[in-house]
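Undergrad: Following this message is one structure expressed as structure tokens.
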Amino acid sequence: MFTKPQSICYMSDHVTQPFDLRGVVSPERAERLVSFINQLLGPNRVGAKLLDIGCGTGRFTIPLACGLEGVTVVGADASAKMLEQAQQKPCADQAIWSKQDVCAQTFEDGTFDVVFISDMLHHLPNPVDALRECFRVLKPGGWMINKYGAMENIAHDPEHVFFPGTVEIDAERTPTQEMMAAWMQEAGFSGIDSRTIDEVTRPSAEIRLEAAEAKSISVLHLIDDEQFAEGMRRLSDYVWHNSEDPWLLVDPTTWTWGQKS
């Protein structure tokens, strides 16, 4: 009987190396997020500070640092390997990098105007603790933005459709949109709202197949070898016969945000 591990070790090379395959941050995706953050900040954005906590290899950090004029962007992660990989990318010097534990950050109270989290909270034993810490480092009036795949949406993506057991595993650890709003409210945020967007995250069906083979999506580390092999066979067959299917290129992305009053 297969027993699901409790967590993924994001410090290991087999997780760090394929991390960027998990979804391309296209100029369109970056601009959409930059525009939204500018709307939240309003006329006070010059001199503002943004924290991308759990930034991994800087997939969003660098585009945010380049796109948010007048805003200081800090990319923080607990993994030195992830940060090293981030700092080797073009334009990485546009951001500040910091090794941080999301639940025990060394930043002073009220340091940031925006805290951004991407696809991280479902890896934590108590996500509300992390959100409370993000609340602490925000200035009064600051904004928390969480980008994630809500469970009610991702259950129908290729990785969950083709790989046996992934839906059951993720249902135990991945929040719905309603759950995420409840977590943020418990952490102290108000004015909580959400939106879901279908975003192009893969330039081709073949790249999605490559990403699955590399287990760039964490749940693929949590199924056994037989289930993974069966999933790769099914996904490969589908890509071979349906390479132009836009379903293979798109992921539903949910943003949930709230304010520190």
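Just so it is clear, none of the values below were taken in a lab; they were calculated from the coordinates. Quick caveat, the model's predicted, so the values are computed rather than measured. When we count neighbours, we look across all protein chains shown, and the Cβ atoms used for this are built from the backbone with ideal geometry, even at glycine.
Undergrad: Which of His160, His221, His241 moves the most in a Gaussian network model of the chain with Cα springs under 10 Å?
TA: The residue that fluctuates most here is His241.
Undergrad: Applying 1/(1 + (r/R0)^6) with R0 = 30 Å to the Cβ-Cβ distance of Glu206 and Thr176, what FRET efficiency is obtained, to the nearest 0.05? Could you put the intermediate results ahead of the total?
TA: Working: r = 31 Å, r/R0 = 1.04.
Calculated transfer efficiency: 0.45.
Undergrad: Another question about this same structure. Along the Cα-to-Cβ line of Thr196, 7 Å from the Cα, sits a label point; which residues in the range 134-165 have backbone N less than 17 Å from it?
TA: 146-161
Undergrad: Nearest 10 degrees, 0 to 90: what angle lies between the long axis of helix 177-186 and the longest principal axis of the chain (Cα atoms)?
TA: For helix 177-186, the angle is close to 30 degrees.
Undergrad: Could you work out [θ]222 nm for the chain from helices alone, using -39500 (n - 2.57) per DSSP H run of at least four and dividing by all its residues? Round to the nearest 500 deg cm²/dmol. Present the calculation step by step, with values, prior to reporting the outcome.
TA: Details: 11 runs with 98 residues, N = 261.
Value at 222 nm, helices only, nearest 500: -10500 deg cm²/dmol.
Undergrad: While we're here: For the range 60-179, what does the relative contact order come out to in percent, with C-alpha contacts under 8 Å and a separation of six or more? Walk me through the numbers before you get to the answer.
TA: Numbers: 135 pairs, mean separation 23.7, N = 120.
Relative contact order for the range 60-179 comes out at 20 percent.
Undergrad: Here's another thing I want to ask about it. Note down the nm distance, to one decimal, between modelled labels 7 Å out along Cα→Cβ at Glu108 and at Asp237.
TA: Result for the modelled spin labels: 6.1 nm.
Undergrad: Counting GluC sites (Glu not before Pro) as exposed when in a DSSP loop with at most 14 other beta carbons within 10 Å, what is the longest stretch of the chain free of them? List each step's numbers first, then the result.
TA: Values: sites that count: Glu69, Glu108, Glu244.
Here the longest segment lacking exposed loop sites spans 109-243.
Undergrad: If you don't mind, there's one more thing I want to ask. Using θ = phi - 60° and the Karplus form 6.51 cos²θ - 1.76 cosθ + 1.60, what ³J(HN,Hα) does each residue of the range 105-114 get, whole Hz, x for Gly and Pro?
TA: 6, 8, 5, 6, 4, x, 7, 10, 8, 9
Undergrad: Skipping prolines and chain starts, which residues have an amide H placed within reach, meaning under 5 Å, of the one on Thr253, given they are 5 or more residues away or on another chain?
TA: Hits under the 5 Å cutoff: Ile197, Asp198, Glu199.
Undergrad: Could you give me D for the chain, from Stokes-Einstein at 10 °C and 1.306 mPa s, where the hydrodynamic radius is the Kirkwood radius over C-alpha pairs? Units µm² s⁻¹, please.
TA: Translational D for this selection: 84 µm²/s.
Undergrad: List the residues whose amide H sits under 5 Å from the amide H of Leu138, counting only those 5 or more places along or on another chain, with H placed 1.01 Å from N in the peptide plane.
TA: When sequence neighbours closer than 5 places are left aside, the close amide H contacts are Gly110, Thr111, Phe112.
Undergrad: If I model the range 46-137 as equal point scatterers sitting on the Cα atoms and use the Debye formula, what is log10 I(q)/I(0) at q = 0.14, 0.19, 0.20, 0.21 Å⁻¹?
TA: -0.44, -0.82, -0.91, -1.00
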